[in-house]
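Asker: This is the structure I want to talk about, given as structure tokens.
FYI, it's all coordinate maths here, none of it is from the lab. Remember, predicted model here, so these are calculated numbers, not experimental data. Using ideal geometry, Cβ is built from the backbone for each residue, glycine included, and neighbour counts are taken over all protein chains shown.
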Amino acid sequence: MAPDLCCPVSGRPNASGTPEGWRLSLSHSQGLSACATLSGSPIGLDLEPCQRHAQWQKVVKRWFSPVEQEWLFREDDSNTFLKVWTLKEAWLKATGRGIAGNLQTLEVRKNFEIYGDQPEQDWQAACCYIEGYLLTVVYRGSRPLWPEITLLEPPPRDFALVDTEPMEAYWEPLFQRTIRRKSP
């Protein structure tokens, strides 16, 4: 279903009141918005400009696990950091949690082996570059399912609710992985 047919539940930006049973995730950053939808299953989406996080090492040192720190510092690449960051953000949206105290509920290891704290075995993650941004989506379902994602032009400066035209875009996943269950 196209994202423009979903209507978020007030106070719950990951559920659609209409049509019933649909889930959605919204993200916006520096002039671009994205919306992903999926029927009856959790979904999380994060969108970040590719040139973001000049001081990414401080974020890694404070919020990431020792395993993540070790390989990210060795890799020493802000784009790799951004992939991990968007994975974590999308995961938190999909699992309905805030960022405080929850960044380590998903651990991303070298070569993007991904481990989460959810018991279900069908969690997926996919990441791609599009229009100068990195877009990552986390969802439950079987591969090669790719949730419906719509990119939208920036909102008006007054953030009025107006219809916008979806942007035409094509993307190939940088990676698509199953999220394994993290051992307690």
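Asker: Give the peptides 55-65, 114-124, 84-94, 22-32 in descending order of average Cβ contacts within 10 Å, highest first.
Answerer: On the way: 55-65: 14.4, 114-124: 16.5, 84-94: 25.2, 22-32: 18.5.
Top to bottom by mean Cβ count within 10 Å: 84-94, 22-32, 114-124, 55-65.
Asker: Lysines near K182 by alpha-carbon distance under 17 Å, same-chain residues fewer than 8 away left out - which ones?
Answerer: Those lysines meeting the cut-off are K88, K110.
Asker: Continuing with this model, one more query. Taking only the alpha-carbon positions of segment 47-125 and ignoring solvent, what does the Debye formula give for the base-10 log of I(q)/I(0) at q = 0.12, 0.13, 0.14 Å⁻¹?
Answerer: Once normalised to I(0) and log-transformed, intensities are -0.31, -0.37, -0.43.
Asker: Just need the relative contact order of segment 58-116 here, percent rounded to a whole number, with Cα pairs under 8 Å and 6+ apart.
Answerer: This gives 35 percent for segment 58-116.
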